[in-house]
Amino acid sequence: MKSRFSFPGVALHFNLSLRLSLQLLPAAVFLILCFDFSSARGFDLSESDSWSVSASNQLEFSSHRKTHQDIFHNWTDVDLAYGIYSANLRYEAHQPDDWGVSWEKLSFRNVQLSAEFLELTAGNYYVIFGRGLILRSYENRDLRHDNNLDGVKGTIEFEGFDLTLLGGTATGKYERLNDPLHAADGKVAVTDWMTAGGTYLRTHITDFGLVRLLGGNASLNLPHVDFYAEYAEKHNPPLAYAPDEGHGTYLSANVYTAGLGLALEYKDYDDFNFFNPNQNVSLNNPPPLAKEHAYTLLNRHAYEPALIDERGIQAELTSSPLEGLSVLANYSYTADSDDELIFSETYGELEYDYRDRALLKGGFSRQENKQEQGDPVRLAPLLDIEYYLSESNSINFILEHLYTEKYDAKLTYYDQILSLSLSQSPTGSITLTHERTTQWKVSENWEGRRDWLIATLDLSLGENHNLSLSVGSRRKGKVCAGGVCVEKPALDGFEIKLLSRF
């Protein structure tokens, strides 16, 4: 595999066409068979007399002044459709990626048939069963996460009945795993207000053995109340580092009425981590039951699920007691089977729309996290003010403050972020962000920076292109979404992001 620097959205290697032909040959044969099948079954092809093609290219490049290190990412996606048929291609190049590894490949390619009651996919695909207790395959480019499956998936949908069958192999961090995976998932509408379903999955992992997961779920949709329940079991060979049985339970209820909503969730995960130890690739992703934050400091310390042994709850109340005023209160608590605290957070937020002239938001969080060294307790007030100068111009000020106590308050410090943005819709915005920390005062041999300053220009170039240019320094740190977290590298130089749609 070549690792020289290139822009695949501009110039691909000459051998790409050969790789495309070889990798798409099975899918092309499948598409031909589907065409014969659809003709025999008399599917409606009235809209199949025209082609539609769309494409996008996402480029990210950063250059670091002190280390002289460059990081490059590029994703080129092409989608084709012809009536009930479609094809999707993605070519990726990372030279190098965030962890210093250079690679490039055709990472995603498939063909699909979407008829009235039947959908067939050959090639790469994403899928989630239930709430992800047994299987969740998805992509998140911000997290550099992609665990797509490569194989065949078919879904039949009749009135009140859905069935999905699939087979394939999962994607590792840099290469495709060889361990086959097969699964079936079905759902039946018992009544107009109740559905029930079940899932079965099996895979044989090299040097580990046969792993099976099976479970069921049910949902109720009543006036002002929704309820969902899912239970699953995991069975694998009894090894010293892996118990032979595990289980997962997830419950949720939503109660809502005019101006008021209450969401309640419960989890119980016991030896329920389903991953391939050859590359430590997780294949399931149950709900973490912790508040997801859009603000940097709180997101940096988000909870990472420990599926080996955890139980917990989450409750969130939303209300609009007055015109223009919104209230949110969230509480989450996770402990192990011995009721020893792992993570808890209490979060409150007020948002007020002042006569369509300003949007005022204030929040406060208190976290306890036993996963981290020193058992930190964090207090985090935040303030977010957006003032509309005109119909198209606005100014936005954000203050984030995170106070941390460790070792029973014997060690304390704080982090703080100030952000100021000027926006003109739909042209773009310019943002100045400053972060500082006092952690260096309580850390021995602190050699890093004490503050970071970065300016970001976001521009909409016509209807099809979005450009983001950042210059300055940005602190490294954890970025999380849906219970999955990665450590993003620091920036000391400039960064360019360009998203183009064709």
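The values are calculated or read from the model by the stated rules, or taken from the named source; none is laboratory data. Quick caveat, the model's predicted, so the values are computed rather than measured. Cβ placement follows ideal geometry from the backbone for every residue including glycine, while neighbour counts extend to all protein chains displayed.
Go through the residues of the stretch 76-89 one by one and say whether even a single one is surrounded by fewer than 20 Cβ atoms within 10 Å (Cβ to Cβ) and modelled with pLDDT under 85.
No, that holds for no residue.
Residues being under 20 Å from P286 (Cα atoms), out of contact with any His (no Cβ under 9 Å at 6 or more places or on another chain) and among the polar types (S, T, N, Q): count how many of those fall in the stretch 196-223.
Total meeting the criteria: 3.
Note down all Cβ pairs under 7 Å where the first residue falls in the stretch 120-133 and is over 18 Å from R202 (Cβ atoms) and at pLDDT 95 or above, the second is of a type in the set (D, E) and surrounded by fewer than 24 Cβ atoms within 10 Å (Cβ to Cβ), and they're at least six residues apart or on different chains.
So the pair list comes out as G123/D150; N124/D150; Y126/E139.
Of everything in the stretch 369-381, what is buried (at least 16 other Cβ atoms within 10 Å of the Cβ) and within 23 Å of V327 (Cα to Cα)? Give them in sequence order.
R378, A380
Filtering the stretch 238-252 down to residues that are more than 23 Å from the chain's Cα centre (by Cα) and assigned to a strand (DSSP E or B), which residue is nearest to T318 (Cα to Cα)? Lay out the reasoning, then the answer.
First, the residues of the stretch 238-252 that are more than 23 Å from the chain's Cα centre (by Cα): 238-247.
So of that shortlist, the ones also assigned to a strand (DSSP E or B) come out as 239, 242, 245-247.
On the way: L239: 46, A242: 41, E245: 38, G246: 35, H247: 32 Å.
Filtering first and then ranking leaves H247.
State all residues of the stretch 139-159 that are of a type outside the set (A, V, I, L, M) and in contact (Cβ under 8 Å) with a residue 60 or more places away in the chain; if no residue qualifies, say none. Before you say what the answer is, go through the steps one by one.
The first filter runs over the stretch 139-159 and keeps only residues of a type outside the set (A, V, I, L, M), leaving 139-142, 144-148, 150-151, 153-155, 157-159.
Correct list: N140, R141, D142, R144, H145, N147.
Could you identify the single residue in I385, I417, I395 that is of a type in the set (A, V, I, L, M), closer than 28 Å to S326 by Cα and under 25 Å from the mean Cα position of the chain (by Cα)? Break it down stepwise before answering.
Details: I385 fails: under 25 Å from the mean Cα position of the chain (by Cα); I395 fails: under 25 Å from the mean Cα position of the chain (by Cα).
Being of a type in the set (A, V, I, L, M), closer than 28 Å to S326 by Cα and under 25 Å from the mean Cα position of the chain (by Cα) holds for just one of I385, I417, I395, which is I417.
Quick one: which of D268, D356 is of a type in the set (D, E, K, R) and either touching a residue at least 60 places away in the same chain (Cβ under 8 Å) or assigned to a loop (DSSP other than H, G, I, E, B) (or both)?
Working: D268 fails: either touching a residue at least 60 places away in the same chain (Cβ under 8 Å) or assigned to a loop (DSSP other than H, G, I, E, B) (or both).
Within the list D268, D356, the selection yields D356.
Looking at (1) within 27 Å of Y250 (Cβ to Cβ); (2) among the β-branched types (V, I, T); (3) touching a Pro at 6+ places or on another chain (Cβ under 8 Å), which is the only condition I134 fails?
Unmet for I134, out of (1) within 27 Å of Y250 (Cβ to Cβ); (2) among the β-branched types (V, I, T); (3) touching a Pro at 6+ places or on another chain (Cβ under 8 Å): (3).
Regarding the stretch 147-154, can at least one residue be identified that is over 30 Å from D192 (Cβ atoms) and small (G, A, S)? First the steps, then the outcome.
Within the stretch 147-154, the subset over 30 Å from D192 (Cβ atoms) is 147-152.
Remaining after also requiring small (G, A, S): 151.
Yes, some residue in the stretch 147-154 is over 30 Å from D192 (Cβ atoms) and small (G, A, S).
May I ask you to say which residue of G362, G348, G374 is touching a strand residue (DSSP E or B) at 6+ places or on another chain (Cβ under 8 Å) and more than 30 Å from A490 (Cβ to Cβ)?
Values: G362 fails: more than 30 Å from A490 (Cβ to Cβ); G374 fails: more than 30 Å from A490 (Cβ to Cβ).
Exactly one of G362, G348, G374 is touching a strand residue (DSSP E or B) at 6+ places or on another chain (Cβ under 8 Å) and more than 30 Å from A490 (Cβ to Cβ), namely G348.
Take the residues of the stretch 145-202 that are crowded, with 18+ Cβ neighbours inside 10 Å and polar (S, T, N, Q): which is farthest from H235 (Cα to Cα)?
Across the stretch 145-202, the extreme among qualifying residues is T195.
Keeping to the stretch 161-174, report how many residues are over 15 Å from L283 (Cα atoms) and at pLDDT below 90.
So the answer is 1.
Is it fair to say K497 is of a type outside the set (G, A, S) and either buried (at least 17 other Cβ atoms within 10 Å of the Cβ) or under 28 Å from I395 (Cβ atoms) (or both)? Please lay out each step first, then the result.
Numbers: of a type outside the set (G, A, S): yes; either buried (at least 17 other Cβ atoms within 10 Å of the Cβ) or under 28 Å from I395 (Cβ atoms) (or both): yes.
Yes.
Inside the stretch 95-115, can you point out the residues that are crowded, with 16+ Cβ neighbours inside 10 Å and either outside any loop (DSSP other than H, G, I, E, B) or among the aliphatic types (A, V, I, L, M) (or both)?
W103, E104, K105, L106, S107, F108, R109, N110, V111, Q112, L113, A115
L298: assigned to a helix (DSSP H, G or I) and crowded, with 19+ Cβ neighbours inside 10 Å, yes or no? Steps first, please.
Details: assigned to a helix (DSSP H, G or I): yes; crowded, with 19+ Cβ neighbours inside 10 Å: yes.
It is true that L298 is assigned to a helix (DSSP H, G or I) and crowded, with 19+ Cβ neighbours inside 10 Å.
Among the residues of the stretch 267-281, is any surrounded by fewer than 17 Cβ atoms within 10 Å (Cβ to Cβ), out of contact with any Cys (no Cβ under 8 Å at 6 or more places or on another chain) and under 23 Å from T404 (Cβ atoms)?
No; the residues of the stretch 267-281 include none that is surrounded by fewer than 17 Cβ atoms within 10 Å (Cβ to Cβ), out of contact with any Cys (no Cβ under 8 Å at 6 or more places or on another chain) and under 23 Å from T404 (Cβ atoms).
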